[in-house]
Structures are given as structure tokens and as C-alpha cells.
1. Wholly within region 97-194, which helices (runs of 4 or more DSSP H) include no fewer than the required count, namely at least 3 residues that are of a type in the set (A, V, I, L, M, F, W, C) and buried (at least 18 other Cβ atoms within 10 Å of the Cβ)?
2. Of these, Leu142, Leu76, Leu164, Leu89, which one is over 18 Å from Ala33 (Cβ atoms) and either of a type in the set (A, V, I, L, M) or more than 15 Å from the chain's Cα centre (by Cα) (or both)?
3. Is it true that Phe213 is more than 30 Å from Arg134 (Cβ to Cβ), among the aromatic types (Phe, Trp, Tyr), modelled with pLDDT under 70 and out of contact with any helix residue (DSSP H, G or I) (no Cβ under 7 Å at 6 or more places or on another chain)?
4. Just to be sure, is Gly23 crowded, with 24+ Cβ neighbours inside 10 Å and not aliphatic (A, V, I, L, M)?
5. Residue check: is Val90 in contact (Cβ under 8 Å) with a residue 40 or more places away in the chain, within 25 Å of Val227 (Cα to Cα) and part of a helix (DSSP H, G or I)?
6. Please note which helices (runs of 4 or more DSSP H) are completely contained in region 1-84 and include at least 3 residues that are farther than 19 Å from Pro136 by Cα.
7. Cβ-Cβ under 9 Å, sequence separation 6+ or interchain: first residue in region 107-127 and in contact (Cβ under 8 Å) with a residue 12 or more places away in the chain and more than 18 Å from Leu97 (Cβ to Cβ), partner among the charged types (D, E, K, R) and surrounded by fewer than 19 Cβ atoms within 10 Å (Cβ to Cβ). Which pairs?
8. Out of region 61-81, which residues are farther than 18 Å from Ala94 by Cα and touching a Lys or Arg at 6+ places or on another chain (Cβ under 7 Å)?
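The values are calculated or read from the model by the stated rules, or taken from the named source; none is laboratory data. Everything numeric here is computed off the predicted structure, so don't read it as measured data. Quick reminder, even Gly has a Cβ in these numbers, built from the backbone with ideal geometry, and neighbours come from all protein chains shown.
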Amino acid sequence: MIDLRGRVALVTGGTMGIGLATGLAYGRAGARAVLTHRWGSADEDQVRARFAEVGAPEPLIVQADCSDAGDTERLLARVAEEHDGVDVLVSNVAFALRTAGLQDYRFRSLSKSLEYTSWPMVAYTQAIHDRFGRWPRYVIGLSSDGPDAFFQNYDFVAMSKAVLETQARYLNFRLFDEGVRVNVVRSRLVRTESFDATFGAEFHAFLEELGGFEDCYTTPEDVANVVLALGSGLCDAIGGQVLMADKGFSFFDNLMGISERQRRRGPQREER
């Protein structure tokens, strides 16, 4: 249904988790995926094998720090060797120090989080235009519901995600007459390596003991499919929006919802 042959999709932090799933989604649709990662954080041969398994074009994998302007310039120079532009930009990288308490609040920590998590969506969009003379047709940021709900150790990530979402709305306005669509996809409880690093593996044991959360997780592939749809041409009526991809779980993620689901499931469990 979605044919993106001849298109280029640049995914920052694209060699693991949601980033890798997004690259694979675009690859399966025929697009050439360009994936970035920091030094030593990916097995490039293993990533290429994943693309080969699904019949996707071989990805271009480039080591690049999204906060480093020099790395960004070198990355796009490498892309320019094979392509005349970038059609889809997916700003996926998020980095921040774990925040155990107020004693960890430092402006430098917040600044570093903004530098990695928020600003690259703007910096990469501008750099793509500077290099190729045209804007990416679609700019998509990855966020979470951290700005609206409490998550342990997540203070600076949540702050920088709030900035990312505001940037997307203004970017969509600024680039609207250029035919660019800018949106953000929020996700919630997607278990990846970075999720465990932030919240700790013991969080999952707590969910199991609590009960009623067995199917609360959204997979990286679920999120990737939403990102693919936004960059496919099928959703061009959507711009400057923050979309939640969590199967609706955030609506009934409360004591009343958990209680009702357990009540409704009770007879089924007894039958099994």
C-alpha cells in the first residue's frame, strides 16, 4: 500500500529500539534508510542483516553525534554522495541524566538534554536544506507522555520532550508554505534498552506483581508504523500535531481502569 521507492529517510539513533524499527518500516516500504548512531553503540553488520531479512534496501549507517554540527555536516556530505536530498527526517535520539532527586537539578544537565533531545530536530532540518537546497518533506519527532505524567528518573527527558513538541508546532507553521509537515509521535511504555536503563528492569517485576498490566506495552514496531504513516503521504492533512501511539492505554491507566479490566478478565482466567 505504501511505496516509498526512491525516497530517503534519515533516522537519528536508528540502530536500536524504536529508531531501528522505524528504519526497517521505511525500508520495507522501499525507502533508503540512513541510520545514525554514536561510536561503538551498534553492530552495523547485524543491523544490515535485519534489513536484508525483510528485503529492504541496504541502509546507509553513519556514526554521528546529533549534537555535533561537524558530525551533522559530515553525515549529510556522505548522504549527498548517493542521494540528492532527504525526504523524511525522524528525530529519535533522546539523552538525559537520570534524576534521582532535586539534588540532581543542574542547568547544565537540562542544557545537555535539550542539546541532544530537542534541538537536533531543528538543526538537522536546517542542515538538510543548507546541503541540498530543499527541505525534508516530512519531519517527525519522537516523544513520550513525560510532559504530562510522572516517570521515575525522567525529569530532564520530560522537560526536553516538552520543548520538542512545542518546536514541532512552530516548525510546522514556519515551513507550512514550503509544503513540509512536522509532527510528533508520543509513545508510552515501550520496552527497549534505553527504557530499562532509565527506569530499571525491576519496574517490570513491579508491573507483574500489580496485575492488570500484562498487555500495557506498545512495541517499537507499533510506534514505527505510525511514524511511517506520517511520512507516507497518506496523512498530509496532519500537521503540527502530537499523536499518542499507545493503543489507548493512557486513558484507562488508572485504578478504576485496572479494577474493571481485572473484573472482566476474572471468569476467563478461571475457565483456563
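1. In region 97-194, the matching helices (runs of 4 or more DSSP H) lie at 120-132, 155-174.
2. On the way: Leu142 fails: over 18 Å from Ala33 (Cβ atoms); Leu76 fails: over 18 Å from Ala33 (Cβ atoms); Leu89 fails: over 18 Å from Ala33 (Cβ atoms).
Answer to the selection: Leu164.
3. No: the conditions fail for Phe213.
4. Details: crowded, with 24+ Cβ neighbours inside 10 Å: yes; not aliphatic (A, V, I, L, M): yes.
Considered against the rule, which asks whether it is crowded, with 24+ Cβ neighbours inside 10 Å and not aliphatic (A, V, I, L, M), Gly23 comes out as yes.
5. No.
6. On the way: elements: 17-28, 44-53, 69-80.
It comes to 17-28, 44-53.
7. What qualifies is Ala127/Glu73.
8. Selection gives Leu76, Ala80.
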